[in-house]
Amino acid sequence: MEIDKVDKIIDKHGGDASSLLQIMLDVQSENNWLPKQALDRIGEKLEVPMNRIQHIATFYKAFSLVPKGRHNVHVCVGTACHVRGATRILDSVEESTGIKSGETDLDLKFSVETVNCLGCCALGPVVEVNGKVHGKMTPVKTSEALKLYE
Amino acid sequence: MSEIKFEIDGIKVKAKKGETLLDAAQDAGIFIPTLCHHEKLEPFGGCRLCIVEVEVKGWTKLVVSCVYPVEKDIIVRTRSEKIDRIRKTIIELLMAHAPDAPELKKLAKEYGASRDRYEKDPSFCIHCGLCVRYCAEVKKANAIGFVDRGINKEICFVPEIASQMCNDCKECFPLCPTSYLQAAFVLTESLIA
Amino acid sequence: MARLNTPEELSDFRQEILSKRDPDNPCISVCAGAGCVASGADEVIKAFKEEIEKQDLTAKVDTKGTGCPGFCEQGPIVVIYPEEICYVQVKAEDVEQIVAETIKENKVIDRLLFADPITGEKAVKESDITFYKSQERTVLCNNIKIDSKSIDDYLALEGYSALGKALGEMTGAEVLEEVKKSNIRGRGGAGFPAGRKWEGTRNAKDPVKYVIVNADEGDPGAFMDRALLEGNPHSILEGLILGGYAIGASEGYFYVRQEYPLAVDNINLAIEQAEHYGLLGENILGSGFNFKVIVHQGAGAFVCGESTALMASLEGRVGEPRPKYIRSNIKGLWQKPSVLNNVETWANIPLIVNNGGEWFTKVGTETSKGTKIFSLVGKINNTGLVEVPMGMTLHDIIYKIGGGIPGGKKFKAVQTGGPSGGCIPEGQLDLQVGFDELTKAGSMMGSGGMIVLDEDTCMVDVARYFINFLTEESCGKCVPCREGLRQMHRILTNITKGRGREGDIELLEDISETTVEASLCALGKSAPNPFLSTLRYFRDEYEAHIKEKRCPALACKELIVFHIDPAKCQACGMCLKKCPADAIDGGKKKIHIIDQDKCTNCGTCFEVCPDKFGAVTKISGEPVPDPLPEEKRMIAKKSPKKKK
């Protein structure tokens with residue numbers, strides 16, 4: 001990610017240390033992950049020590065310190081989905097993609113993550129791929145749905 | 001400056017407004033165990049070992065003395081069956097990480113805690129944060145910090161800063177209640193090299 | 001439209017909006033909430049817009065994507081005004097017919113109506129549907145009537161009239177007085193009386209004060225706040241401005257979780273619109289009151305629902321709670337007196353100011369006033385958002401509104417209060433919902449999650465599930481929460497995997513005491529609740545797991561085996577074909593057998609075995625019957641159907 005893009009985001013938020021999280025969120029959504037040089041730049045401009053940035057970047061789930069895959073698979077493991085069998089859906093996603101939740105495969109094809117509630121409990125269990133919600137999933141339906149992504 | 005009078009374990013005590021219970025007790029020579037407190041650092045309230053019973057106008061509650069501000073006329077009890085039981089569990093939970101740390105062993109003896117009650121998870125760090133806070137608050141170096149959260153929380157040096165500052169300082173090493181910190185630093189050093 | 005300079009100008013402008021709208025003109029409202037969008041609502045809205053244009057009806061018919069009305073189970077939901085005709089499970093293909101018949105000819109299309117699953121009776125109007133009938137929707141009701149991106153829609157429904165009234169006729173202290181009189185308790189979790197919280201902040205000496213909306217809805221299985229944020233953002237904003245006026249704050253914050261992007265957009269838009277009309281900013285409605293609102297996004301941390309952690313996060317730090325021996329309404333955000341309330345609480349404020357505090361107390365129980373929105377999910381026929389008067393029984397919510405348990409299964413428990421709440425068993429279904437009532441039963445109100453569990457749900461697994469959730473969401477600062485949960489999770493996992501030991505329950509109880517008593521914040525103090533409440537009501541399930549290595553609900557994967565009942569298997573081959581582990585042996589007319597050594601317990605065979613056979617069964621705690629000898633495996637006689 002180019003430094004002037006990072007600078008633009010910092011300027012947009014006024015460069016105050018209290019906007020640290022908002023700046024990091026913007027960088028994350030623009031770039032899909034937080035590269036080291038971007039974090040260094042933020043720390044330097046906001047005068048926030050790196051150990052604090054490190055803690056924030058790992059404390060909040062929205063941030064990633066590594067590049068993400070082309071397709072983001074979110075398996076909902078909220079309570080409603082859990083009691084309707086989300087564990088087995090997650091098993092099936094992990095088997096189909098060959099990676100565990102929280103990981104990205106080496107070809108950067110899939111990133112798999114569990115999320116706590118997507119607010120579509122009526123359709124549970126739910127898997128969201130690139131923002132599109134697949135509802136009323138079964139293990140069989142899940143592996144078939146994932147085959148459609150290249 | 002207004003003085004606040006109250007009672008700890010039957011002893012009449014005076015303290016300054018805004019002072020914490022723990023400080024007031026220590027000034028009066030009354031011992032309350034703690035693992036994350038340090039006189040030079042801001043109160044943290046992480047280990048919860050300094051929990052005590054406070055009676056305010058007939059109401060009894062459990063509070064953590066390192067962050068509880070003194071109040072007029074309260075009655076403080078530093079030991080009770082319940083407090084001892086809670087401290088024992090806290091020590092046992094920590095011994096799952098650092099079963100041989102001398103400080104924990106000493107406390108375990110006092111409270112009858114067993115080092116083997118919980119399944120071991122020898123990560124050695126007990127997250128008291130003394131190193132992190134000392135480095136930030138006293139040395140203003142910020143060479144070490146926390147990462148992650150919940151059960152995955154860890155301490156972590158910032159390699160660029162650590163390689164420049166730590167060799168000449170190492171003031172945090174003796175603060176560590178387990179021997180983990182030194183090991184973590186050696187590991188960071190080897191990574192930089 | 002220029003800025004509105006007085007409360008009178010505001011009401012004149014409202015009249016102007018209303019005069020331009022013909023109440024007899026048809027209006028098509030399509031739910032554009034998250035649940036309906038997932039079921040295809042966007043395509044339906046698009047199809048309506050195209051069809052209306054094609055039919056040259058744009059001037060006469062209004063089409064809007066609205067907030068969530070709550071009946072997610074039947075989405076996408078379409079309501080056609082003024083007749084209030086309600087169509088359920090509408091697809092884009094249905095649109096042409098709806099426009100041709102209902103819009104043009106006022107004819108009701110029978111097949112799109114909701115049919116009561118028990119009586120089979122069709123409901124034409126939204127309010128005739130059993131799901132809505134027993135509800136009392138004072139907060140949620142406008143969601144389906146408002147285009148969530150239109151401030152004019154909100155104004156047309158008396159929006160901002162409470163603000164006009166407050167600024168025109170009342171002092172801040174009088175607004176506070178009404179809120180106190182209403183006895184409204186915070187809808188976010190602990191149920192602290194909002195009026196008392198506000199009063200403390202108003203009376204605090206520091207001149208700089210803040211009001212904050214907690215929109216970091218994190219309970220898994222709860223989406224009440226999401227529906228309000230997305231569907232009716234102005235109602236929350238109006239409440240916040242009123243709060244600022246009442247306590248003397250000139251700055252307010254929205255803390256919205258970033259997982260709700262539409263909510264973030266709609267709130268930002270609402271702020272912009274309100275500023276444009278002079279309902280926000282300098283000298284609001286000419287009253288001299290200044291108020292500005294800033295939106296912050298949460299970055300994914302459940303603990304930030306805790307007030308002091310949320311404030312730390314607003315300050316740009318990690319969301320670690322701080323000790324609360326001095327309350328945050330005295331020393332909160334940047335050490336200033338701060339009122340933090342949840343979305344639903346704020347949305348109630350304009351209603352209270354408009355109708356008076358007394359009006360609010362007419363509904364509810366002795367100690368819990370008003371209505372409460374619950375998110376009714378899990379093993380329930382009518383999943384969705386329900387708003388009911390406090391004091392309604394759990395039984396009525398689950399059976400009258402929720403329509404009972406699907407698939408003829410038996411009710412086991414209802415989990416309320418999110419991860420910090422507890423499970424309430426069948427014997428207590430007559431319990432009236434209210435803050436104190438639920439707490440007494442070992443659970444809590446929380447923000448309003450209500451998850452129904454049936455006989456197939458293992459209660460030990462439910463406890464393990466929530467504790468696991470909390471181990472990841474704990475901030476990790478204090479020992480009792482971080483280490484206590486770590487060990488509790490380990491022990492509970494062992495129990496569900498058949499590795500439980502005598503004494504585990506006592507161990508869990510010991511940790512629970514320490515975690516409840518010694519944790520730093522409310523998350524930790526309530527974290528053992530899922531265990532404590534399931535132990536209280538379902539101790540036998542814990543003991544079956546530990547002593548007999550048996551899961552009574554047949555849910556714990558490690559404690560069950562799958563078995564094909566030879567008397568029922570018709571050798572249809574479904575399981576044989578779908579088994580991912582190649583663990584099933586069978587053939588034409590040959591009774592299928594599961595090779596237990598190869599079986600991975602994935603459950604696919606159980607799922608695909610046709611209901612009419614129901615040959616795949618689960619066994620727990622008893623030996624698997626020996627496989628049939630080879631010579632007995634052929635099905636000699638024809639299947640019963642062909643016999644005739």
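Okay, here's what the table says:
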{"read-out": "Spans of helices (runs of 4 or more DSSP H) in the range C:126-173 with at least 2 residues out of contact with any strand residue (DSSP E or B) (no Cβ under 8 Å at 6 or more places or on another chain) and more than 16 Å from C:Leu279 (Cα to Cα)", "value": "C:130-133"}
{"read-out": "Strands (runs of 3 or more DSSP E) lying entirely in the range C:1-120 (those with 2 or more residues that are of a type in the set (Val, Ile, Thr) and closer than 25 Å to C:His234 by Cα)", "value": "C:27-31, C:62-66, C:78-81"}
{"read-out": "Failed condition for B:Asp100, given (1) outside any helix (DSSP H, G or I); (2) at pLDDT 95 or above", "value": "(2)"}
{"read-out": "Residue in the range C:586-594 that is open to solvent by 50 Å² or more (accessible area, probe 1.4 Å), more than 30 Å from B:Lys88 (Cβ to Cβ), among the basic types (Lys, Arg) and out of contact with any Cys (no Cβ under 7 Å at 6 or more places or on another chain) present", "value": "yes"}
{"read-out": "Selected residue (criterion: surrounded by the fewest Cβ atoms within 10 Å (Cβ to Cβ)) from residues of the range C:412-466 that are among the hydroxyl-bearing types (Ser, Thr, Tyr) and in a loop (DSSP other than H, G, I, E, B)", "value": "C:Thr457"}
{"read-out": "Helices (runs of 4 or more DSSP H) lying entirely in the range A:45-138 (those with 3 or more residues that are open to solvent by less than 30 Å² (accessible area, probe 1.4 Å), in the same structural domain as A:Ser29 (by TED's automatic domain parsing) and closer than 19 Å to A:Met24 by Cα)", "value": "A:50-59"}
{"read-out": "Residue in the range C:503-513 that is outside any loop (DSSP other than H, G, I, E, B) and closer than 30 Å to C:Leu628 by Cβ present", "value": "no"}
{"read-out": "Output for the range C:494-515, where each listed residue is farther than 11 Å from C:Ile467 by Cβ, buried (at least 23 other Cβ atoms within 10 Å of the Cβ) and either facing another protein chain (nearest Cβ under 10 Å) or of a type in the set (Asp, Glu) (or both)", "value": "C:Thr514"}
{"read-out": "Only one of C:Pro530, C:Pro480 that is within 11 Å of another protein chain (Cβ to nearest Cβ), over 28 Å from the mean Cα position of the chain (by Cα) and surrounded by 24 or more Cβ atoms within 10 Å (Cβ to Cβ)", "value": "C:Pro480"}
{"read-out": "Residue match in the range C:199-207 (condition: in contact with a Ser or Thr (Cβ under 8 Å, 6 or more places away or on another chain) and touching a residue at least 60 places away in the same chain (Cβ under 8 Å))", "value": "yes"}
{"read-out": "Those residues of the range B:69-94 which are buried (at least 23 other Cβ atoms within 10 Å of the Cβ), at the interface with chain C (Cβ under 10 Å from one of its Cβ atoms) and either free of Cβ contacts under 8 Å to residues at least 40 places away in the same chain or not in a helix (DSSP H, G or I) (or both), in sequence order", "value": "B:Ile86, B:Thr89, B:Glu92, B:Leu93"}
{"read-out": "Some residue of the range A:60-80 being more than 17 Å from the chain's Cα centre (by Cα) and of a type outside the set (S, T, N, Q)", "value": "yes"}
{"read-out": "Any hit, the range B:124-135, residues being surrounded by 13 or more Cβ atoms within 10 Å (Cβ to Cβ), at the interface with another protein chain (Cβ under 10 Å from one of its Cβ atoms) and of a type in the set (D, E, K, R)", "value": "no"}
{"read-out": "Filter result for the condition that a residue is aliphatic (A, V, I, L, M), away from every other protein chain (no Cβ under 11 Å) and in contact with a strand residue (DSSP E or B) (Cβ under 9 Å, 6 or more places away or on another chain), over C:Ala518, C:Ala544, C:Ala553", "value": "C:Ala544"}
{"read-out": "Residue list for the range A:1-27, filter: part of a helix (DSSP H, G or I), within 14 Å of chain C (Cβ to nearest Cβ) and open to solvent by 20 Å² or more (accessible area, probe 1.4 Å)", "value": "A:Lys12, A:Ala17, A:Ser18, A:Asp26"}
{"read-out": "Within the range C:212-264, tally of residues that are of a type in the set (Val, Ile, Thr) and surrounded by fewer than 24 Cβ atoms within 10 Å (Cβ to Cβ)", "value": "1"}
{"read-out": "Among residues of the range C:300-321, those that are more than 8 Å from every other protein chain (Cβ to nearest Cβ) and either of a type outside the set (A, V, I, L, M) or over 21 Å from C:Gly446 (Cα atoms) (or both), counted", "value": "8"}
{"read-out": "Cβ-Cβ under 6 Å pairs, at least 6 apart or on other chains, the range C:399-423 side of a type in the set (Phe, Trp, Tyr), far side surrounded by fewer than 19 Cβ atoms within 10 Å (Cβ to Cβ)", "value": "C:Phe411/C:Glu426"}
{"read-out": "Hey, A:Thr79 more than 24 Å from C:Gly448 (Cα to Cα), touching a residue at least 12 places away in the same chain (Cβ under 8 Å) and among the β-branched types (Val, Ile, Thr) or not", "value": "no"}
{"read-out": "Candidates C:Ser313, C:Ser338, C:Ser307 - the one that is buried (at least 24 other Cβ atoms within 10 Å of the Cβ) and either of a type in the set (Asp, Glu) or without any contact (Cβ under 8 Å) to a residue 60 or more places away in the chain (or both)", "value": "C:Ser313"}
{"read-out": "Every residue from the range A:55-110 that is more than 7 Å from every other protein chain (Cβ to nearest Cβ), of a type in the set (Ser, Thr, Tyr), more than 24 Å from A:Glu144 (Cβ to Cβ) and in contact with a strand residue (DSSP E or B) (Cβ under 7 Å, 6 or more places away or on another chain)", "value": "none"}
{"read-out": "Restricting the range C:265-299 to residues that are within 14 Å of another protein chain (Cβ to nearest Cβ), open to solvent by 10 Å² or more (accessible area, probe 1.4 Å) and of a type outside the set (D, E, K, R), the residue that is nearest to the chain's Cα centre (by Cα)", "value": "C:Gln297"}
{"read-out": "Subset of the range C:362-397 that is among the β-branched types (Val, Ile, Thr) and away from every other protein chain (no Cβ under 14 Å) - its residue that is farthest from C:Leu438 (Cα to Cα)", "value": "C:Val363"}
{"read-out": "Subset of the range C:483-493 that is at the interface with chain B (Cβ under 7 Å from one of its Cβ atoms) and open to solvent by 10 Å² or more (accessible area, probe 1.4 Å) - its residue that is nearest to B:Leu104 (Cα to Cα)", "value": "C:Arg486"}
{"read-out": "Pair list, Cβ < 7 Å and 6+ apart or interchain, from the range C:602-613 residues that are charged (D, E, K, R) to residues that are assigned to a loop (DSSP other than H, G, I, E, B) and crowded, with 16+ Cβ neighbours inside 10 Å", "value": "C:Glu607/A:Thr138"}
{"read-out": "Pairs, first in contact (Cβ under 8 Å) with a residue 12 or more places away in the chain and farther than 17 Å from C:Gln89 by Cβ in the range C:16-45, second part of a helix (DSSP H, G or I) and open to solvent by 30 Å² or more (accessible area, probe 1.4 Å), C-beta under 6 Å, six or more apart", "value": "C:Ile17/C:Asp152"}
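The values are calculated or read from the model by the stated rules, or taken from the named source; none is laboratory data. All values reported here derive from a predicted model rather than from experimental measurement. Note that we place each Cβ from the backbone using ideal geometry, even for glycine, and neighbour counts take in every protein chain shown. We work out accessible area using only protein heavy atoms, side chains counted, and drop any ligands, DNA or RNA first. Shrake-Rupley method; radii C 1.70, N 1.55, O 1.52, S 1.80 Å.
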